[in-house]
Amino acid sequence: MPTTTAADPTLSADQLAAFRRDGVVVLPHRFRADEVAVMHDALDELLAEDVPQNIREKSSGVVRTAMGLHLRHEVFARLVHDPRLLAPAHQVLGPGPLYAQQVKVNVKEAFTGEQWQWHYDFATHHHEDDVPEPLALNLHVFLDEVTEFNGPLMFVRGSHRDGPVATSLDTVTTSYPLWTVGPEVVGPLAERGGLISPKGPAGTMLMFGDTIVHASPPNLSPWPRRIFSLIVNPVGNRQRSDRRADHFHHRDLTPLG
Ligand SMILES: O=C(O)CCC(=O)C(=O)O
């Protein structure tokens, strides 16, 4: 059944309150099924490419993350300007210019998709790219139905309000080095706030901030779980180090929208 797209892409007062309270807001039916199908086709083309922007799982060699997508396909070049993604981000960050910091799909293929350890995004943005403040927002769009079986994200509710917590660099567990948060920190935060694991049909959108602690388990199911992710950052909060490749943190600060 076709899904509907809200004419007004701004968040309601309740949705904004949920974002501020929990650190993540879930927006079902944000993109229509036909739009998601077009993204799927574009992604299939990109996943077939043998390029450094396609980062592969350590064990199986299948693509784990396909990056730099707005520079690789017109479908994603258009998507990063979509008001359904950007309007909620501007509600939180204000009207100032935002740039596309990172544009990717986390693939998590059936049977082989590996875990993402507990982390929050700002630890990487700060340690690797010298981003000054935890202002960036991560805007997800489910390209497949996300269920309890195919490796959904888990968020520690309210952990964004504790500010950046302690991290350490893990270069061993998966093919994607991450500044991770240890069990001694996650445990008490999760006991206090609980976990949220957003599920829903393809076309669902999530928005979460730079300091919320999150993770996802492996996908042992027979169903893939592909999620588009656009990280936006205010131009005034741009990176001060370019030591990572462009697809990890784009240098083009042209405002979106
Ligand atoms: O795709 C996942 O399961 C994890 C994604 C994630 O941690 C992120 O986008 O920051």
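If you go through segment 55-79, how many residues are assigned to a loop (DSSP other than H, G, I, E, B) and of a type in the set (Ser, Thr, Tyr)? It would help to see each step written out before you state the result.
Of segment 55-79, the ones assigned to a loop (DSSP other than H, G, I, E, B) are 57-62, 68, 72-73.
From the residues that got through so far, the ones that are of a type in the set (Ser, Thr, Tyr) too are 59-60.
Total meeting the criteria: 2.
How many of the residues making up segment 199-221 are hydrophobic (A, V, I, L, M, F, W, C), in a loop (DSSP other than H, G, I, E, B) and within 18 Å of LEU79 (Cα to Cα)?
Initial filter on segment 199-221 (hydrophobic (A, V, I, L, M, F, W, C)): 202, 205-208, 212-213, 215, 220.
Now drop any that are not in a loop (DSSP other than H, G, I, E, B), which leaves 202, 212-213, 220.
Imposing the further condition that a residue be within 18 Å of LEU79 (Cα to Cα) reduces the set to 202.
So the count comes out to 1.
Suppose the filter is within 17 Å of the chain's Cα centre (by Cα) and either loosely packed, with under 15 Cβ neighbours inside 10 Å or touching a residue at least 24 places away in the same chain (Cβ under 8 Å) (or both); does ASP210 pass it? Can you show your working first?
Values: within 17 Å of the chain's Cα centre (by Cα): yes; either loosely packed, with under 15 Cβ neighbours inside 10 Å or touching a residue at least 24 places away in the same chain (Cβ under 8 Å) (or both): yes.
Against the criterion (within 17 Å of the chain's Cα centre (by Cα) and either loosely packed, with under 15 Cβ neighbours inside 10 Å or touching a residue at least 24 places away in the same chain (Cβ under 8 Å) (or both)), ASP210 qualifies.
Residues of segment 167-198 being farther than 18 Å from GLY23 by Cβ and either touching a Leu at 6+ places or on another chain (Cβ under 6 Å) or part of a loop (DSSP other than H, G, I, E, B) (or both), which ones?
Our first condition is that a residue be farther than 18 Å from GLY23 by Cβ; within segment 167-198, this holds for 168-178, 182-184.
Scanning segment 167-198 gives ASP170, THR171, VAL172, THR173, THR174, SER175, TYR176, PRO177, GLY182.
Under the condition of being within 13 Å of the ligand (Cβ to nearest atom) and small (Gly, Ala, Ser), which residue from segment 133-174 is farthest from PHE228 (Cα to Cα)?
Restricting to residues being within 13 Å of the ligand (Cβ to nearest atom) and small (Gly, Ala, Ser), the top hit is ALA136.
So which pairs qualify, if the first residue must be in segment 114-129 and over 17 Å from HIS247 (Cα atoms) and more than 9 Å from the ligand (Cβ to nearest atom), the second must be among the aliphatic types (A, V, I, L, M) and part of a helix (DSSP H, G or I), the Cβ gap must be under 6 Å, and the two must be at least 6 apart or on different chains?
TRP118/VAL186
With a cut-off of at least 2 residues that are within 16 Å of the chain's Cα centre (by Cα) and among the aromatic types (Phe, Trp, Tyr), name the strands (runs of 3 or more DSSP E) lying wholly within segment 88-144. It would help to see each step written out before you state the result.
Working: elements: 98-106, 116-119, 137-142.
The strands (runs of 3 or more DSSP E) meeting that bar are 116-119.
If ILE196 meets every condition in (1) within 16 Å of the ligand (Cβ to nearest atom); (2) buried (at least 18 other Cβ atoms within 10 Å of the Cβ); (3) within 14 Å of HIS119 (Cβ to Cβ); (4) not charged (D, E, K, R) apart from one, which number is that one?
All conditions are met except number (3).
I need a count of the residues in segment 223-244 that are within 19 Å of LEU47 (Cα to Cα) and either more than 16 Å from the ligand (Cβ to nearest atom) or not in a loop (DSSP other than H, G, I, E, B) (or both).
Total meeting the criteria: 4.
Each reported figure results from applying straightforward, stated rules to the coordinates on display, with no laboratory input. Everything numeric here is computed off the predicted structure, so don't read it as measured data. FYI the Cβ positions are ideal-geometry reconstructions off the backbone, even for glycines, and counts take in every protein chain you see.
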